[in-house]
Each structure stands twice: as structure tokens, then as C-alpha cells.
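Colleague: Structure below; questions to follow.
The values are calculated or read from the model by the stated rules, or taken from the named source; none is laboratory data. Quick caveat: nothing in here was measured; it's all calculated off a predicted structure. Every residue, glycine among them, receives a Cβ derived from its backbone with ideal geometry; neighbour counts consider all protein chains shown. Side chains are part of the model used for accessible areas, which takes the heavy atoms of the whole protein and leaves out ligands, DNA and RNA. Shrake-Rupley method; radii C 1.70, N 1.55, O 1.52, S 1.80 Å.
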Amino acid sequence: MPCWQLLRQPPLLLFSGLHSWGQTARRAMATRLLRVPPPEELLRPLAVPERLLLGPGPSNVPRRVQAAGGRQILGHMHPEMLQVMDEIKAGIQYAFQTRNRLTLAISGSGHSAMEAALFNLLEQGDTVLVAINGIWGQRAAEIARRLGANVCELLKPPGKYFTLQDIEQGLVQHKPLVLFITHGESSSGVLQPLEGLGKLCHRHGCLLLVDSVASLGGAPIFMDQQEIDVLYSGSQKVLNAPPGSAPISFSERAREKLLRRKTKPLSFYLDMGLLANYWGCDGEPRRYHHTAPINSFFSLRESLAMLAERGLENSWERHRANCTRLCQGLLAMGLELFVEEEKARLPTITTVKVPEGYDWKDITAFLMKNHGMEVAGGLGPTVGKVLRIGLMGCNSTSDNVDRVLRALQDALKRCHRSRL
């Protein structure tokens, strides 16, 4: 309507017309300012294929855990949310077999828990001994160097583990404040023995830091009995929750080390003193620290509940039995396992050498395309050398063992093999 006609309207109609005209003008102006159109791909429905994830993680998420994560959100300081966090803490204490009061879940992946452990334990100039037999030791050494720590490396080839004698030699030589070691090395498929390691470290005035991202729930671990000072894991492997939350716990020895720090941790987000308060670990009224991933915590709570219902011993046995069944099937196919010693094989992730003449990428691509199944290649020092097959949590079943063996047989028949 032209402006001169608006002036001849009754006042109410005049106001309405002017308002409508003003809105139209503002939209036209805003449209002229836009240079980036709405993405066409976001105007279509989300499409996610169904796949069986038998790689090194993440693993498939059960319907019950999906449903928990899909609940309506709560405020991060609501009493009901704090109760969920308390239940998560109790679930982690059960999974870790610890009574440590400084026990919580980091808002982030397993990497964030690794950084939280190192950021809080180490100060510039502190000596840390890192046991490296795969990528996770390499990552820990890299993070510690960025912190300004004095990093000493204890090396083993991928596929091998450290003996108490190996560790003691390193402790005597380097006199570290912290020893980092990986319980389940997912890049090589090695399960590191932990018996006696805590006592040995404490005898030499050293704290023991253990990565159990790939092993928690799938292989026995006893934080208190094995005298582990800091233990962390991830949500997306045996726990079958989505990635994004990471259980972690500090012993009293480790907590006292935090209290004796001369400087604040470099990361505010990962400062365990602040997180301890938010999680109700310090006996003080809880204060806001960050907005937690509420729905990820719902999922983690439910996955820990499922582990408690199943029982740790039953979970450990199921993973052991299915790993043994898988290894026997692979050997029967004429394939060679990467980890030679049976006792050193990680029950959650099995590494098998890439058969001679095959390209590992061809095999994994064939399995994905023709069987809707993920099996991964190597990582870090094992790239091009192995295939990694994960049987974790709800995916650790005899049916999945049979399914992956049939799929591999099909791949080896139909993928190109070089005769050179």
C-alpha cells in the first residue's frame, strides 16, 4: 500500500499497515545484506547409515543408551542433574574398583582425560617417564613436552609389553615423579600387565598414571588394589556410550600432589580443583564451572548402569571368550596375529597382520561397502601393518565373531592380491 493511502486509513489500520510495511522493508534490507545462502544440504533430512562398528571405537550404542541420551535436557546445576552426576561418580568407582573421592567424568573425549591427568600432575621441569609401545605413549609424551616437562621415554616395539624389570630400570635411571603407561594399547592390540607396578612406582617415589580407554570393562583392572594413582578411560568403547565424556579418578597420593602445586594448571577447563567442586568431590557447596554436556552424561550414566547390572566379572569373561574365539578363527584362516603372546592380547581389540599381497585399504573398504561393517587399519606405528578388529561391550558377541570371520573370508577371496 503506498504511503499516501496509509495516511487516509483509520488510526488502528494505519498502525497495522505501517508495522507490516516496516517488517517488509527490514526483511528486504536484511536479504540484501546476506551473501551466504542457506546450505542446500541442511535443508534435506539427516541421513545416517546403519553400520556394525567392529573397529577400535567408537562402538555401537545400545537402544537403551540412545534413549537416555535423547531425553529432554536439564539445567547443568539443577538438583536432578547433580544427582545424575553423583550416580555417574558411583558407576565410575565401580568400573575402576576404587573408593577415591576425586572421581568424575571429564566433559570431553579420552584425549581430554589424558590432558587433564598430565596438566594437573605435572609442572614445568617435572620429570615424567613415558612407556611407549604404541601411539598413546607417543601422544602422552607430546602433551607432556608441551607442558614443559622433562620427558624420558621407555621404548618397546609395537606388539610387546613392559616387564617390571624394564620399568624399574627406567625408574632408577630417570627418577621421575610420574610414570605414564597404557593398559590397553589400541594401536597394537597389547594388554599391559599392571600387577606390582603401583608398588614398584611408590617404592621409587613415583606416581602411576594409567590409560585404560581401550580396556575398561573388557579386561580386569583394580585401581585401589593395584595402587594406581590416576586412571582414566573413555565412554565410546566397552561402555557403548557416545564419545564425549571421559571417566577419571585420582588417588589420595595424586590428590596431595595437586594440592602441593606451586603453579595453577595451565588449563582452566581441565583444572581438577575446580572440577572436583563442580562434581561434589571436595565437600564444599557446588559452584558453576562449565556447562556440562548434559545429554552425554545421561548416556554415560545409563551405560554405567548396564555395566553394573551385567557385572564386571561377567563382562571381563565375555570379552576374553569372544577374543579367544576370534583369534582361533583368524588362525584357522591362515592369518597371523600381531601380538604373539596370548596373555598379552587385548581382549577388546585384536590386531592381525595384513596378509601378504593385500592392501589393507582394499580390505577395509570392501567390508564397509559389501558387509556394512567397520574394521580398521593400523594407527601410528602400526599403519599398513595390521587390521584392527574391535569386540567391545554389546558388540562382543559370538555372532559378531562369526560375522566378521565370514566377511574377512569374503574380502580375501574378492579383493585384489598382488603376486609380486
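Colleague: Counting only protein chains, not ligands or nucleic acids, how are T324, T291 ordered by accessible area (probe 1.4 Å), most first?
Modeller: T291, T324
Colleague: Next question. Take the Cβ-Cβ distance between E168 and V383 as r, set R0 to 30 Å, and report the resulting FRET efficiency rounded to the nearest 0.05.
Modeller: Efficiency for this residue pair is about 0.40.
Colleague: Obtain the radius of gyration and the Kirkwood radius of the stretch 331-420 from its C-alpha atoms and give Rg over Rh.
Modeller: With Rg and the Kirkwood Rh in hand, the quotient comes to 0.94.
Colleague: A follow-up question, please. Just order 171-178, 270-277 by mean Cβ neighbour count inside 10 Å, highest at the front, would you?
Modeller: 270-277, 171-178
Colleague: A further question on this structure: From the C-alpha coordinates alone, can you work out the Kirkwood hydrodynamic radius of the stretch 247-297, in Å?
Modeller: Evaluated on the stretch 247-297, it is 12.2 Å.
Colleague: So what is the accessible area of the chain per residue, in Å², with the probe set to 1.4 Å?
Modeller: Here the residues of the chain average 49 Å² of exposed surface.
Colleague: So what does H371 come to for accessible area, using a 1.4 Å probe and Å² rounded to 10?
Modeller: H371 exposes around 60 Å² with every protein chain in place.
Colleague: Now, a different point. Taking Rh as the Kirkwood radius computed over C-alpha pairs, what is the Stokes-Einstein D of the chain at 4 °C in a medium of viscosity 1.567 mPa s, expressed in µm² per second?
Modeller: My calculation gives 54 µm²/s for D.
Colleague: Any lysines with Cα under 27 Å of the K160 Cα? List them, leaving off those in the same chain fewer than 8 positions away.
Modeller: Output for K160: K175, K199, K237, K343, K353, K361, K385.
Colleague: Which value, in Å² rounded to 10, gives the accessible area of M114 with a 1.4 Å probe and all protein chains present?
Modeller: Number for this one is 10 Å².
Colleague: List the residue ranges in the chain for DSSP H helices whose C-alpha atoms run 18 angstrom or more along the long axis and whose Kyte-Doolittle average is -1.0 or above.
Modeller: Qualifying helices, which must be both long enough and hydrophobic enough, are 11-33, 79-96, 294-310, 312-332, 398-414.
Colleague: How high is the relative contact order of the stretch 320-420, in percent, with contacts defined as C-alpha pairs under 8 Å that are six or more residues apart?
Modeller: 32
Colleague: Let me ask another. For the stretch 198-308, what does the alpha-carbon gyration tensor say about shape, rounded, prolate or oblate, given a ≥ b ≥ c as the root eigenvalues, a/c under 1.5 as rounded, and a/b over b/c as prolate?
Modeller: Oblate.
Colleague: Can you tally the net charge around A308? Count Lys and Arg as +1, Asp and Glu as -1, for every other residue whose Cβ sits under 11 Å from the Cβ of A308.
Modeller: -1
Colleague: Using the Kirkwood formula over every pair of different C-alpha atoms, what hydrodynamic radius in Å results for the stretch 176-243?
Modeller: 12.4
Colleague: If you don't mind, another one. Using a 1.4 angstrom probe on the protein heavy atoms only, line up H204, H416, H183 by accessible area, largest first.
Modeller: H416, H204, H183
Colleague: How many angstrom lie between the C-alpha centres of the stretch 341-383 and the stretch 35-49?
Modeller: 34
Colleague: Over all directions, how big on average is the projection of the convex hull of the alpha-carbon atoms in the stretch 370-420, in square nanometres?
Modeller: Computed as one quarter of the Cα hull surface, the answer is 4.7 nm².
Colleague: Now for a separate question. Could you please report the charge total around C415, scoring K, R as +1 and D, E as -1 over all other residues with beta-carbon less than 12 angstrom from its beta-carbon?
Modeller: Local net charge: +2.
Colleague: In the chain, once you exclude exposed GluC sites (Glu not before Pro) (DSSP loop, at most 14 other Cβ within 10 angstrom), what's the longest stretch remaining?
Modeller: Value returned for the longest uninterrupted segment is 51-194.
Colleague: Can you give the local net charge around C327? Use residues other than it whose beta-carbon is closer than 13 angstrom to its beta-carbon, Lys and Arg +1, Asp and Glu -1.
Modeller: Computed value for this residue: +1.
Colleague: Could I ask something else about it? With a 1.4 Å probe and all protein chains kept in place, how do L266, L258, L387 rank by accessible area, largest first?
Modeller: L266, L258, L387
Colleague: With only alpha-carbon pairs counted, each pair once and no self-pairs, how large is the Kirkwood hydrodynamic radius of the stretch 98-238 in angstroms?
Modeller: Hydrodynamic radius (Kirkwood, Cα only) of the stretch 98-238 equals 14.9 Å.
Colleague: Sticking with this one: Please report the spacing between the Cα centers of the stretch 151-175 and the stretch 388-420 in Å, no decimals.
Modeller: With the stretch 151-175 and the stretch 388-420 each reduced to a Cα centre, they are spaced 34 Å.
Colleague: Still on this structure, please answer the following. Specify the inter-centroid distance of the stretch 191-235 and the stretch 77-118, based on alpha-carbon positions, in whole Å.
Modeller: Going from one Cα centre to the other spans 17 Å.
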